[in-house]
Amino acid sequence: MIEIQPVPSVDAELSIPGSKSLTQRALIAAALARGESRLCGPLVSEDTEYSAQALARLGVRIDREDRECWVVEGNGGTVHMDGTTIYLGNNGTATRFLTSVAALGNSAVTIDGDERMQHRPIGPLIAALRGWGVDIVSVRGTDCPPLLVNARGITGGRTVLPEGKSSQYLSSLLLVAPYARQPASLEVDGEVLSKPYVKMTLSVMADFGVLADCTPDFKSFSIPQGVYRGRHYRIEGDASNASYFWAAAAVAGGRVTVTNVPALSLQGDIGLVPLLARMGCEVTQVGNGLCVERQGGLEGISVDMGDMPDVVPTLAVVAAFAHGRTEIANIAHLRIKECDRLHAVVTELRRMGAEVEEQGEAMIIHGDGGASLHGAEIETYRDHRMAMSFAVAGLKVPGVRITDEGCVAKSFPDFWSRFALLT
Ligand SMILES: O=C(O)C1=C[C@@H](OP(=O)(O)O)[C@@H](O)[C@H](O)C1
Ligand SMILES: C=C(OP(=O)(O)O)C(=O)O
């Protein structure tokens, strides 16, 4: 357990480790590419460790000796599984992505994860892969991992992705689609949540040489056959993880500059910054980074966060220090993250004395400028984002204690040492 020390205000400038989403996409594109890639600025964390090890099991050589630049020897799309099981912990992104990558191989593979991952749905991806001729089942019939993939490649042609609460199904299909035996197309049923992650997938695919087509509503895709080309690829800082530092300025007052997450980031979570501005912060561009500063008070806002689920806990914590009502809508997908994050955020904010309403797909925070907040022992539910977002509250409120603080290793192993720069 770690107790956060309050500060009168913050004044810091720092860089943030590489984007988790970009690192995992670049690893897969580089793994399936023809030729060598150098991925510079990757995130080194539990999740990317799972991804890299899984790709190694699928026959890809990845040299990670230099933590700053990983060298990946692409297999050109020829996937050979060494062994029978790929275990991915509670890495939702890799579990969804590697399922499709494994389908490109030529042997039976079990995809499994930890107890929580075994409750995170993957049914829509199973259905869409079947539409591309993949023999895949959820071993326990739960539409969650473990999955058994009897891999023999993907046929391509048209498939439909049934409605689901994760964009990762769609990104997963897109990443492997160029390797289908015939040109592939994909239709999506229902609303696409977390759209910026799909955009990011298309952008990484294009960077590695494959241009897919999609309709502006992200519901219909055509992917040409092709092979990614190995390249030098630089990964920007993680916007979701930068959010805790920008939020620190909003909550404690003062300013924080994150130097390596640009305003025009590929990451949708950069969208938190304009929301902080709407609440009363000042935002300025500094080089390739962004500075968030707060001098006056914060006001509540109404916002649809369907496209940026990972920064909902961050915004919710800030909202508890604002004056007035903040409504965060369209966030049902938070319920299938590392924990039921919608319920967890509401529970822990209430534990600190905040007045919060939980709805099926939304949360409402009735802020009073933080006046009624008090210290508490915060349960983190093995969820890195719970730990990091509630740490921010502790910069202002004495006695905030974060349990199981090591859970940040999933995406940000040295979070606590960087956070200490604020105090
Ligand atoms: O594709 C990605 O890299 C991610 C997509 C998002 O998930 P959903 O699409 O399930 O919302 C996000 O929560 C996750 O941390 C990373
Ligand atoms: C939801 C997250 O990750 P994943 O789905 O990859 O487990 C996250 O990092 O907040």
What is the Cα centroid distance between the stretch 1-80 and the stretch 366-423, reported in whole angstrom? 25
Compute the distance in nm between two label points, each set 7 Å from the Cα along the Cα-to-Cβ direction, one at Ile2 and one at Leu211. 4.6
Val139 versus Ser107, label points 7 Å from Cα toward the beta carbon: distance in nm? 1.7
Any idea what angle helix 384-393 forms with the longest principal axis of the chain, computed on alpha-carbon atoms, 0 to 90 degrees, nearest 10? 20
So what is the relative contact order of the chain, in percent, for Cα pairs below 8 Å that sit 6 or more residues apart? 17
Using alpha-carbon coordinates, inclination of helix 341-351 to the longest axis of the chain, degrees: 20
Lysine pairs in the chain with Cα atoms under 17 Å, if 8 or more residues apart or on separate chains: 12
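For Ser45, what charge total do you get from the other residues with a beta carbon under 9 Å from its beta carbon, if Lys and Arg give +1 and Asp and Glu give -1? Write out the running numbers ahead of the final one.
Details: positive: Lys20, Lys410; negative: Glu46, Asp47, Glu49.
Neighbourhood net charge equals -1.
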Cα gyration tensor shape of the stretch 292-347, rounded if a/c is under 1.5, else prolate or oblate by comparing a/b with b/c: prolate
What is the pair-distance distribution P(r) of the chain, computed from all Cα-Cα distances in 20 Å bins starting at 0, with each bin given as a whole percent? 28, 56, 16, 0
Size of electric dipole in the stretch 79-175: Cβ of Lys, Arg +1 and of Asp, Glu -1, about Cα centre, debye, nearest 20: 240
Here the residues of the stretch 333-365 lying in the modelled label zone of Arg401, meaning backbone nitrogen under 15 Å from a point 7 Å along Cα-to-Cβ, are 352
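Hey, with R₀ at 45 Å, roughly what FRET efficiency would Arg34 and Asn150 work out to, going by the Cβ-Cβ distance, to 0.05?
Taking R0 as 45 Å, the efficiency between Arg34 and Asn150 is 0.95.
Can you tell me the relative contact order of the stretch 20-234? Whole percent, Cα pairs under 8 Å, sequence separation 6 or more. Working shown, then result.
Numbers: 528 pairs, mean separation 45.9, N = 215.
Reported as a whole number, the value is 21 percent.
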Give the shape of the stretch 347-395 as rounded, prolate or oblate, defined through the alpha-carbon gyration tensor: a ≥ b ≥ c are the square roots of its eigenvalues, a/c under 1.5 means rounded, and otherwise the shape is prolate if a/b is larger than b/c and oblate if not. oblate
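Please give the length that would be gained between Arg181 and Ala371 if that part of the chain were fully extended, namely 0.36 nm times their separation in residues minus their C-alpha to C-alpha distance (nm, one decimal). Provide the component values of the computation, followed by the final result.
Working: separation 190, 0.36 × 190 = 68.40 nm, distance 6.17 nm.
Taking 0.36 nm per residue and subtracting the Cα distance, the gain is 62.2 nm.
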Approximate spin-label separation Arg229-Thr84, in nm, with each point projected 7 Å along Cα-to-Cβ: 4.2
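When DSSP assigns beta bridges and you keep just the ones with both residues in the chain, what percent turn out antiparallel, to the nearest 5? Show your work: numbers first, answer last.
Details: 45 of 69 bridges.
Of the beta bridges lying entirely in the chain, close to 65 percent run antiparallel.
By how many nm would the segment from Arg61 to Ser417 grow when fully extended, if each residue of separation counts as 0.36 nm and the alpha-carbon distance is taken off?
Values: separation 356, 0.36 × 356 = 128.16 nm, distance 3.17 nm.
Result for the pair: 125.0 nm of gain on full extension.
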Within the stretch 379-421, backbone nitrogen closer than 15 Å to the virtual label 7 Å beyond the Cα of Arg350 toward Cβ: 379
Using only DSSP helix segments of four residues or longer, with each worth -39500 (n - 2.57), what per-residue ellipticity at 222 nm results for the chain after dividing by its residue count and rounding to 500? -8500 deg cm²/dmol
If you take every residue apart from Ala248 with its C-beta less than 13 Å away from the C-beta of Ala248, what net charge results, scoring Lys and Arg +1 and Asp and Glu -1? +1
For the stretch 268-420, what is the accessible area per residue in Å², given a 1.4 Å probe and the full set of protein chains? 33
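Cα gyration tensor of the stretch 118-170, axes a ≥ b ≥ c as square roots of the eigenvalues: rounded (a/c below 1.5), prolate (a/b > b/c) or oblate? Show your work: numbers first, answer last.
Details: a/c = 2.43, a/b = 1.21, b/c = 2.01.
Since a/c reaches 1.5 but b/c is at least a/b, the shape of the stretch 118-170 is classed as oblate.
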Near Lys199, within a Cβ-to-Cβ distance under 14 Å, what is the net charge of the other residues, with Lys and Arg +1 and Asp and Glu -1? -2
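At 1.4 Å probe size, with the rest of the protein present, what percent of the exposed accessible area of the chain is carbon and sulfur atoms?
Numbers: 7060 of 14940 Å².
Whole-percent figure for carbon plus sulfur exposure: 47.
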Where does helix 20-32 land angle-wise versus the long Cα axis of the chain, in degrees 0 to 90, nearest 10? 10
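The values are calculated or read from the model by the stated rules, or taken from the named source; none is laboratory data. Only a predicted model underlies this, so the values are computations on that prediction, with no experimental measurement involved. Please note: Cβ atoms are built from the backbone with ideal geometry, for glycine as well, and neighbour counts cover all protein chains shown. Just the protein is used for accessible areas: all its heavy atoms, side chains included, with ligands, DNA and RNA removed. Shrake-Rupley method; radii C 1.70, N 1.55, O 1.52, S 1.80 Å.
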